[in-house]
Amino acid sequence: MTVPHLFRAESTATGQTDAFKPAGPGTQVTAQALVTGSGAVSATVKLQGTNTPSLSSSWVDLATLEPSGTDAGVATATTQAALTAFRFAVTAISGSSARATMSLARG
């Protein structure tokens with residue numbers, strides 16, 4: 001069974017993505033971080049969530065993904081989280097032409 005991605009973002013630098021408010025039932029979310037580049041590449045990506053309507057504060061770390069490898073690496077985490085919004089925070093990224101691609105799916 002294929003789970004559709006509800007949210008996808010890319011980054012070549014540290015920082016947070018825009019917030020995403022998924023629709024539909026369910027509390028289980030699966031996050032994936034893929035890092036690509038040339039040679040040794042790595043990234044540290046946090047999945048964060050909040051119930052704050054303004055989305056400006058109170059973000060909680062739900063999972064830390066640390067993909068790494070030669071030319072590419074992937075990491076996945078699943079969590080139960082009944083939150084109203086999610087985002088990714090890239091806290092580290094390294095390697096020649098390194099790019100982190102993050103995706104979030106419900107289910």
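Here are the numbers for this structure:
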{"read-out": "Some residue of the range 40-63 being of a type in the set (D, E, K, R), without any contact (Cβ under 8 Å) to a residue 60 or more places away in the chain and within 15 Å of Leu83 (Cα to Cα)", "value": "yes"}
{"read-out": "3 or more residues open to solvent by less than 40 Å² (accessible area, probe 1.4 Å) and basic (Lys, Arg): qualifying strands (runs of 3 or more DSSP E) within the range 32-106", "value": "none"}
{"read-out": "Which listed residue is modelled with pLDDT under 90, within 21 Å of Leu6 (Cα to Cα) and of a type in the set (D, E, K, R), from Lys46, Lys21", "value": "Lys21"}
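The values are calculated or read from the model by the stated rules, or taken from the named source; none is laboratory data. This one's a predicted model, so the numbers in the text were calculated from it and none came from an experiment. Methodologically, a virtual Cβ is constructed for each residue, glycine included, from the backbone with ideal geometry; neighbour enumeration extends over all protein chains shown. For the accessible areas, the whole protein counts, side chains as well, though only heavy atoms, and no ligand, DNA or RNA atoms are used. Shrake-Rupley method; radii C 1.70, N 1.55, O 1.52, S 1.80 Å.
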